[in-house]
Amino acid sequence: MIKALLKVLTHDRISGTKLSQKTKLIHNDIKKTSFHMVYVMGNTSICGAAKMIFQQANTWIEKGHQVTIVAYGKKPSWFPINSAYICVPAATKLSTCIPYCDLIIATYYTHIGECVETGIAPVAYFEQGDHHVFAYHELEEDHKAFIQSQYHLAHFILTVSHVAAKYIKQYFNRESTVIRNGIDTHIFKYKMLPEKKKTYLLMVGNDRYDFKGIPHIIAAYKRVREKLPHIKLYWITPVTPTIDVEDVSKVFVAPSQRDIAAIYQGASVYIQGSYYEAFGLPILEAMACGCPVITTDCIGMRDYVIHGQNAIVLKNRLPKTMADAVINLLQKYDIRRNLIAGGLKTAGQYGWRKISKHCMSTLKNMAVYQIEPRQNTTVWDIQIHGKDFLTTEGYAKFLQYLQTTSYSEIFVPILYEITKDLTIARWTCAAKRYEGGSGKGYCYTKVRRNTLSENAFIRSIYHNIKTEQYRDALKELTCLTVNNDEEVIYKRWFIYCLIQIEDYPKALIALSHIPEQKGYTDYDYLYCLIYSRLGQVEKARERFHAIKAYQEAIVYDEFIVDIEDAASKVMDNANVEQLALPKLHKEGNQLSMEEMYEFAMQLYENELYDDSIYYFLEYVKEEQEDKEKCIDAYRNIYLIYYDKEDYDVCRKYCYQIFEYDAPRAEECCFIGYTLMKEEKWDEAIFWYELATELELPRHDAFPIDKDAWTWRPYLQLCVCYYENGETEKAFLANETAHKLNPQHKSVIQNIAFFKSKGYVSSDD
């Protein structure tokens with residue numbers, strides 16, 4: 001795993017990550033008429049902050065510029081995004097996938113440093129407000145120091161309100177340019193409606209963020225409802241609520257922008273309960289839709305909200321005050337009319353078409369700079385050249401990296417086609433300094449070559465795989481000596497070859513021996529491949545979902561390219577009918593007894609039960625020495641039939657165990673339990689009584705379930721005796737169970753039950 005490419009959690013960044021150095025800018029002498037802007041986003045879910053970024057991106061595209069959004073997760077569907085979109089694999093740093101561009105806009109403070117470290121372009125930080133700004137005083141000192149360092153690294157600072165700009169100057173000593181938020185007036189606009197069928201209040205926000213004050217709004221609504229019982233409360237939220245929604249009349253989860261506008265237009269009052277916001281876009285949207293607003297004094301809205309003119313402003317966390325304001329507003333038509341008029345006038349000043357001109361002008365002025373080079377490319381021994389790169393922009397990114405980095409070696413992913421449906425990439429050294437520098441740098445820009453730059457032995461393995469000489473590749477892989485990091489790479493090919501020769505037992509066993517590799521989706525692909533071959537489509541689909549979540553395993557030395565597409569083709573070809581497993585006589589697939597048992601266990605653990613039964617039975621048929629494994633094999637078989645509720649067959653395999661040893665309490669209790677399921681009380685009593693007569697083993701010859709050898713049969717006898725009409729015996733059996741396990745819940749409940757029947761426990 002390549003640690004330099006790994007996503008770093010915020011806590012780890014704060015507590016110990018090496019900080020980047022600030023880079024210097026110089027003016028770019030090349031005059032451009034078109035720019036490439038890159039927005040780096042950690043969160044693309046429905047919120048005002050994301051909406052403004054997408055709105056900016058679309059405007060750049062409309063004006064003929066190039067925009068790329070680099071973010072985690074699939075391209076959102078809740079907002080129409082017209083720009084290019086790069087889905088960054090979940091385990092990877094966002095900055096890894098930033099393409100060559102003119103300006104990088106980091107949208108959260110934790111990403112500033114890594115964006116600067118790429119050396120690709122100037123970095124503007126777009127501050128849209130959060131806890132780290134408005135509750136800065138509550139942060140730990142190391143957290144404050146980290147934020148200070150990140151602000152220092154950014155070349156430019158942008159924010160959405162003058163109030164936020166004051167906080168930035170106060171806490172981080174940085175001047176910032178204000179780019180106000182704007183609304184799409186084609187969607188969020190006043191609309192004359194017929195008489196409203198329902199009177200409802202509206203709130204917007206994600207209750208996972210405490211600062212949104214959602215519980216306070218609900219508490220206020222409950223007070224309003226006491227006086228005005230016909231009033232409803234609607235809630236627009238980007239995700240399913242985590243709190244009780246019993247008092248909310250209707251919840252809209254992730255509605256479209258046009259639906260949101262329609263809900264604003266029909267609302268009697270919009271209520272904002274936030275403790276702080278950098279801007280408060282929903283307030284402005286509500287105003288634009290002709291909905292009167294009641295809002296807490298959440299700081300950022302001070303740029304455009306005037307109490308009594310376009311909104312009612314309250315202190316936060318005061319549900320009673322909020323409820324009184326709502327009731328008063330609903331009952332005072334003149335106040336409502338004035339607020340609506342004032343809100344519409346304010347919203348008219350914030351149409352995005354007007355706002356965007358200043359936004360674009362500001363960003364263009366930042367994009368005319370470039371990073372000052374540390375050195376030129378002559379200090380490098382460059383082993384890969386322009387013709388090898390997939391795109392001109394990729395080559396430009398590589399050259400820029402060479403001029404701005406302090407590393408001594410630079411690696412790029414080289415693509416190699418294994419089959420027409422499967423291409424891999426391997427991180428390979430593309431340039432070395434002639435002298436100086438230290439460490440390895442990784443420039444994610446893809447290169448295609450006919451061969452990988454490995455030694456002849458490795459090239460031979462890949463050649464054999466590509467030419468479908470899988471058995472030859474297996475021989476070479478078996479002889480290969482590698483370290484632990486390399487082993488996880490080459491094991492993939494070992495397993496892939498086993499699958500291709502249809503040796504599924506050994507492939508599954510080999511997969512089970514691989515330590516968990518979080519985010520290494522190549523292994524999910526192998527599971528997907530083998531499950532689809534075995535007809536286990538649901539199992540294959542689970543792995544496919546993991547691939548879609550994590551995407552390419554960029555953080556490993558070698559990974560499958562476009563892995564979701566590759567896995568999708570596997571799923572398309574998956575046969576719903578389960579294919580026959582390879583039988584033991586198949587040439588080249590002979591299993592040892594140990595392998596056969598292990599394979600049966602793998603099938604069992606992966607819920608391929610019918611096939612596991614086949615191999616367990618083959619195992620017990622051939623095994624002559626390991627009695628305990630044979631017993632375990634039969635136990636797994638009878639548990640499968642128990643889950644199928646086939647109790648006769650279940651007991652049949654229990655009885656098979658008695659051929660290996662005297663009856664054990666585990667089997668006696670299990671047989672008794674299956675008979676209880678069929679209400680065969682007398683037969684169940686026989687087996688439970690037999691279990692009580694067995695002596696607990698005094699040695700470690702085999703693992704035991706101690707409960708089955710002590711209290712459990714007495715507890716079950718209590719039930720059987722009672723159902724059989726033998727209440728006295730039932731009571732005595734429970735008393736024995738109580739002595740052996742005095743804290744067991746069922747035993748204690750039974751004591752209370754028998755007490756109601758006149759039986760007094762020795763514990764009373």
Any pair with Cβ under 9 angstrom, 6 or more apart, that starts in the stretch 393-417 at a residue that is touching a residue at least 60 places away in the same chain (Cβ under 8 Å) and closer than 17 Å to residue 428 by Cβ and ends at one that is basic (Lys, Arg) and part of a strand (DSSP E or B): 413/426; 415/426; 415/448
Being outside any helix (DSSP H, G or I), farther than 20 Å from residue 181 by Cβ and not assigned by TED's automatic domain parsing to the domain that holds residue 55, is that true of even one residue in the stretch 272-282? no
Looking only at residues in the stretch 625-673 that are within 44 Å of the chain's Cα centre (by Cα) and under 19 Å from residue 730 (Cα atoms), which one is surrounded by the most Cβ atoms within 10 Å (Cβ to Cβ)? 669
With in a helix (DSSP H, G or I), farther than 26 Å from residue 157 by Cα and out of contact with any strand residue (DSSP E or B) (no Cβ under 9 Å at 6 or more places or on another chain) as the only criterion, which of 354, 387 stands out? 387
When the stretch 292-313 is checked residue by residue, the ones that are over 15 Å from residue 214 (Cα atoms) and buried (at least 19 other Cβ atoms within 10 Å of the Cβ) are 292, 293, 299, 300, 301, 303, 304, 305, 310, 311, 312, 313
Is there any pair with a first residue in the stretch 306-321 that is among the polar types (S, T, N, Q) and a second that is part of a loop (DSSP other than H, G, I, E, B) and exposed (fewer than 12 other Cβ atoms within 10 Å of the Cβ) whose Cβ atoms are under 8 Å apart and which are 6 or more apart or on different chains, and what are they? 321/315
Which one is surrounded by the most Cβ atoms within 10 Å (Cβ to Cβ), of the residues in the stretch 506-548 that are part of a helix (DSSP H, G or I) and among the β-branched types (Val, Ile, Thr)? 521
Examine the stretch 64-86 for a residue that is part of a helix (DSSP H, G or I) and either polar (S, T, N, Q) or crowded, with 23+ Cβ neighbours inside 10 Å (or both), and state whether such a residue exists. no
For the structure I just gave you, tell me whether residue 606 is at pLDDT 90 or above, surrounded by 15 or more Cβ atoms within 10 Å (Cβ to Cβ) and within 18 Å of residue 505 (Cβ to Cβ). no
So how many residues does the stretch 291-316 have that are over 35 Å from the mean Cα position of the chain (by Cα) and in a strand (DSSP E or B)? 7
Within the stretch 703-720, the residues that are small (Gly, Ala, Ser) and more than 47 Å from the chain's Cα centre (by Cα) are none
Scanning the stretch 287-312 residue by residue, the ones that are in contact with a Ser or Thr (Cβ under 9 Å, 6 or more places away or on another chain) and closer than 13 Å to residue 346 by Cβ total 14
Within the stretch 165-200, how many residues are in contact with a helix residue (DSSP H, G or I) (Cβ under 6 Å, 6 or more places away or on another chain) and outside any loop (DSSP other than H, G, I, E, B)? 6
Does the stretch 486-494 contain at least one residue that is outside the structural domain of residue 605 (by TED's automatic domain parsing) and over 28 Å from residue 6 (Cα atoms)? no
Of all the residues that make up the stretch 207-227, how many are surrounded by 16 or more Cβ atoms within 10 Å (Cβ to Cβ) and part of a loop (DSSP other than H, G, I, E, B)? 2
Hits in the stretch 676-696 (condition: free of Cβ contacts under 8 Å to residues at least 24 places away in the same chain and surrounded by 22 or more Cβ atoms within 10 Å (Cβ to Cβ)): 687
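The values are calculated or read from the model by the stated rules, or taken from the named source; none is laboratory data. Owing to the predicted nature of the structure, the values given are computational and were not obtained by experimental measurement. With ideal geometry, Cβ positions are generated from the backbone for all residues, glycine too; neighbour counts draw on all protein chains shown.
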